Each structure stands twice: as structure tokens, then as C-alpha cells.
Amino acid sequence: MDFTLPESAQAVQRGIAAVCAKYGMDYWERCEADKRWPEEVWAELAKGGWLGLAVPEEYGGGGQGLLELAVATETLAASGAAGGSAFTYVLTPGFGALTLARHGTERQRAELLPRLATGEVETCFALTEPDAGSNALAISTSARLDGASYVINGQKIWITGVQRAGWMLLVTRTIPAAEAKPRTSGMTVFLVNVPEAVAAGQLSYRPIPKMGANTTPSNMVFFDDLRVPAENVLGEVDGGALVLWDILNPERILLGASALGGAEVALRVAVDYAKQREVFNRPIGANQAIAFPLAQVKAKIELARLMLHKAAWLFDQGLPCGTEANIAKLTASQAAWEAADAAFQTHGGMAYSLEYPVARLLNEARIGRVAPVTEELLLNYLATQVLGLPRSF
């Protein structure tokens, strides 16, 4: 493939950058400190049509693919939002619009996609459970058919954005994991109207105090006899694994993109400081002990970006992209952490001062190595599925 970005992606890059240019690093620092959703940026993204990038044109969107979404996410993160805060962009354009465009019924698409494109409606995604983290097949949230609707009971954890979501993509078990053969069968994805479910007392949530990315609250979510119409199944009953993989691979790619943007921010902050800070009558950036780690980070950012764009391109072509998505997520998250760590070291003792954004960047970079899937499981996938080594479990 040609690794030069197509004009569509370059246009997205320019457009998102133009929006973000109005909001500097201080803006994102304040949002994090105040634990506040970036309302102003979100409103401008909605006004410019950037929330509808992946919505087909017939539903009022841009008709673009995952590559353009990845470029948008990276550009937003690189503007100063960094990895955690850029997750705001993944929730609706990624989880919601992209998935509905590929798997929704005509009714579902007609009802939701135009509203997702304008930002009128937002979405969240609920998969992870307290006893089934990275082992998604072991979830136990159950859905049983009762007349024309399903009754859902269970619990989810680390669900981001429930507070603002109009709709939730909820992954359940319609066949218990212990009875499913093969293991990937018996999963069903539902579209849940969050405000209605909350008003009925069938869905509740509790925010989780966390170390970073507090612009987007994460929550424990509880389902108590939640009734969802059967027509709200996304994809096929018991065949939700196909929908799930089409969520998880883009999730890895988009969160890799947000991590990559975070790496760019950290590197930029470190380089600026290394040029300006003088010790022993010269900029500290003249010292190889400072310069070489930053140069290594630059190389790793560029390599991760190539794999990220390749993975997104494969997805858009309808080709297998699991290996590439996992590699992209792994390398981008590692680059983000190494960039933030190098920025911290470059700043020395001043890294502890909140006068600088280094502490926030370090906090936001660390999550990428454990969420939405741990680094170890990404490596396990590459070891077993790509290299053919024996499974450890």
C-alpha cells in the first residue's frame, strides 16, 4: 500500500487541527483539573461535522472510514488533549457511528446515525466486567427473551461516558459461557436507551475515582431486570461476536491513535524544554543523555504510525486486521509511555511541578499499556496466533 495519507485523511488532519488550534495545552490542563468534559471543543467538532466522519453520506455524515477516524483521533490528542482526553472522540464516532453503519438494521441506522452525525446523540460501549476483564468471552451479564423484549441482568466496569450517552452498545450472554460451543457463540449486542433505562430504575451507575483522564468519567454500571426490545439487537442474536470483533479491532486502532497523539505532545513538550533550559552554560538538549532518548522516541512514533495507518486501511478494505491492530496498539502505547517518561526525565525535578503538563501526560500515557487490553495479552496474541507458539491458558 501507499503510506502517503489519501487526501481525505489529510483534509481531516487539517480540519481537526484548525479546531484544536483555538485551544492550547492550558485548556486541556484546566479540563483535567476540573474533571470537566471539553464542551467547547466538542461543540466545535459537532458544528464542523467532525463527529459524523464515519456516518454514511445518506445519513448526513462524511462517509469516511477508520483511517480518517484514526487520523482525527491522533490529531486531537496531539493538540494537547493527549491519550486519555482524546478518548472523548472515540466514544461516539468510533463505538457508535462506525459500528451502526456496519451492523445496524435500516431502522436503527435511520433513527440514530443522523443524530450521531450532528452530535445530538452520544454513545458508550459496555463490555468489561469485574470478573471478565480482558477475557471478554467470560462475561456473565445475561439476556433472556421474554415476549417481545429481552430482560438483562448483570454488571459492567470501566464504562466511560455513561453520563452523557443517549445509547449504549451493551454486550451480553444469551447463552452462558460454560454452555457455549464454540466459546465465541452465544453473545448478543444490544442498543440500550440509557436515559429511559435510568428513569425506569433498570440501569444505574457509579463513577470510579481514577488517577487520570478525568475529562471522561468511567463507571461501574448495574443492570436490574433491564428490558430491551428485541428489535434493538445489533447484529444477530447469539452472533454478537462478529459485531464485537468489529468494535474491538477499531478500538485498538483508535486508542492506539490517541496514544500516538499523546506521544507527540510529550515529545514536543520535552524538546521545547530541552532547547530552552540551560545548565552549565548550554541547553540541556545538547547533552546526548537527553537528546538520544528523545530521538529514540521520535523513531518509535514514526514506526507505530505506519502500522496504525496500515491496520486502519486494512479494516476499511474489509481485510483481516487483527494482527496489525494489536501491533499498532502495542507499539503506540509503548511509544506514548516512553515519550512521557522521557519528558519527565528531561524536566528533572520540575516535572513534579504542575506548572508543567508532564505529570498529566505521564498519567494519561500509562493507561494505554493496560487498557482496553493489557500489553501482555497483546503479546500473547502475537506469540500464539502469529508465531504459532503453544498457548499458556
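The values are calculated or read from the model by the stated rules, or taken from the named source; none is laboratory data. Please read these numbers as outputs of a predicted model, since none were measured by experiment. We place every Cβ from the backbone using ideal geometry, glycine too, and count neighbours over all the protein chains shown.
In a helix (DSSP H, G or I), touching a residue at least 40 places away in the same chain (Cβ under 8 Å) and either outside the structural domain of Arg30 (by TED's automatic domain parsing) or farther than 27 Å from Ala257 by Cβ (or both): does that describe Ala289? Talk me through it step by step, then tell me what you get.
On the way: in a helix (DSSP H, G or I): yes; touching a residue at least 40 places away in the same chain (Cβ under 8 Å): no; either outside the structural domain of Arg30 (by TED's automatic domain parsing) or farther than 27 Å from Ala257 by Cβ (or both): yes.
Here the answer is no, as Ala289 does not meet what is asked.
Acidic (Asp, Glu), surrounded by fewer than 18 Cβ atoms within 10 Å (Cβ to Cβ) and farther than 19 Å from Ala263 by Cα, is that true of Glu129?
no
If you go through the stretch 218-245, how many residues are closer than 30 Å to Leu319 by Cα and in a strand (DSSP E or B)? First the steps, then the outcome.
Pass one, the stretch 218-245, residues closer than 30 Å to Leu319 by Cα: 231-245.
If we keep only those that are in a strand (DSSP E or B) as well, we get 233-234, 239.
Qualifying residue count for the region: 3.
Among the residues of the stretch 4-20, write down those that are hydroxyl-bearing (Ser, Thr, Tyr) and assigned to a helix (DSSP H, G or I).
In the first step, residues of the stretch 4-20 are kept if they are hydroxyl-bearing (Ser, Thr, Tyr); the result is 4, 8.
Selection gives Ser8 alone.
Go through the stretch 1-31 and report how many residues are of a type in the set (A, V, I, L, M) and either touching an Asp or Glu at 6+ places or on another chain (Cβ under 7 Å) or without any contact (Cβ under 8 Å) to a residue 12 or more places away in the chain (or both). Break it down stepwise before answering.
Of all residues in the stretch 1-31, those of a type in the set (A, V, I, L, M) come to 1, 5, 9, 11-12, 16-19, 21, 25.
When the remaining residues are screened for being either touching an Asp or Glu at 6+ places or on another chain (Cβ under 7 Å) or without any contact (Cβ under 8 Å) to a residue 12 or more places away in the chain (or both), the result is 9, 11-12, 18-19.
Residues in the stretch 1-31 being of a type in the set (A, V, I, L, M) and either touching an Asp or Glu at 6+ places or on another chain (Cβ under 7 Å) or without any contact (Cβ under 8 Å) to a residue 12 or more places away in the chain (or both): 5 in total.
If we keep just the residues of the stretch 337-385 that are within 26 Å of Ala286 (Cα to Cα) and acidic (Asp, Glu), which is modelled with the lowest pLDDT?
Out of the qualifying residues, it is Glu355.
Scan (1) out of contact with any Lys or Arg (no Cβ under 8 Å at 6 or more places or on another chain); (2) in a helix (DSSP H, G or I); (3) surrounded by fewer than 21 Cβ atoms within 10 Å (Cβ to Cβ) for the single condition Leu319 breaks and write down its number.
Looking at each condition in turn, Leu319 falls short on (2).
For the subset of the stretch 370-388 comprising residues that are over 16 Å from the mean Cα position of the chain (by Cα) and without any contact (Cβ under 8 Å) to a residue 24 or more places away in the chain, which member is farthest from Gln334 (Cα to Cα)?
Ranking the qualifying residues of the stretch 370-388, first place goes to Gly388.
Go through the residues of the stretch 151-170 one by one and say whether even a single one is among the hydroxyl-bearing types (Ser, Thr, Tyr) and crowded, with 19+ Cβ neighbours inside 10 Å. Spell out how you get there, then give the answer.
Step one: of the stretch 151-170, the residues among the hydroxyl-bearing types (Ser, Thr, Tyr) are 160.
Pick out the ones that are also crowded, with 19+ Cβ neighbours inside 10 Å and you get 160.
Scanning the stretch 151-170, I find at least one residue that is among the hydroxyl-bearing types (Ser, Thr, Tyr) and crowded, with 19+ Cβ neighbours inside 10 Å, so the answer is yes.
Residue by residue, here is whether (1) surrounded by fewer than 24 Cβ atoms within 10 Å (Cβ to Cβ); (2) within 22 Å of Gly84 (Cβ to Cβ); (3) aliphatic (A, V, I, L, M) holds:
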residue: Arg282; (1), (2), (3): yes, no, no
residue: Pro293; (1), (2), (3): yes, no, no
residue: Lys329; (1), (2), (3): no, yes, no
residue: Ala332; (1), (2), (3): no, yes, yes
residue: Ala339; (1), (2), (3): no, yes, yes
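I need a count of the residues in the stretch 205-248 that are acidic (Asp, Glu) and farther than 20 Å from Ser140 by Cα. Give the steps one after another, and end with the answer.
Of all residues in the stretch 205-248, those acidic (Asp, Glu) come to 224-225, 231, 236, 238, 246.
If we keep only those that are farther than 20 Å from Ser140 by Cα too, we end up with 231, 246.
Qualifying residue count for the region: 2.
Please report, ordered by residue number, the strands (runs of 3 or more DSSP E) entirely within the stretch 120-192 with at least 3 residues that are within 17 Å of Glu236 (Cα to Cα). It would help to see each step written out before you state the result.
Details: elements: 123-126, 142-146, 149-160, 167-173.
Per the criteria, 142-146, 149-160, 167-173.
Evaluate the stretch 268-280: report whether one residue or more is on the phi < 0 side of the Ramachandran plot and assigned to a strand (DSSP E or B).
Of the residues in the stretch 268-280, the ones on the phi < 0 side of the Ramachandran plot are 268-279.
With assigned to a strand (DSSP E or B) added as a condition, the list becomes 278-279.
Yes - at least one qualifying residue is present in the stretch 268-280.
From Glu302, Glu236, Glu278, grab the single residue that is assigned by TED's automatic domain parsing to the domain that holds Phe190 and surrounded by fewer than 16 Cβ atoms within 10 Å (Cβ to Cβ).
Working: Glu302 fails: assigned by TED's automatic domain parsing to the domain that holds Phe190; Glu278 fails: assigned by TED's automatic domain parsing to the domain that holds Phe190.
Glu236 is the lone residue from the list that is assigned by TED's automatic domain parsing to the domain that holds Phe190 and surrounded by fewer than 16 Cβ atoms within 10 Å (Cβ to Cβ).
Scan the stretch 62-111 for residues that are crowded, with 23+ Cβ neighbours inside 10 Å and in a helix (DSSP H, G or I) and report the count.
The number of residues fulfilling the criteria is 33.
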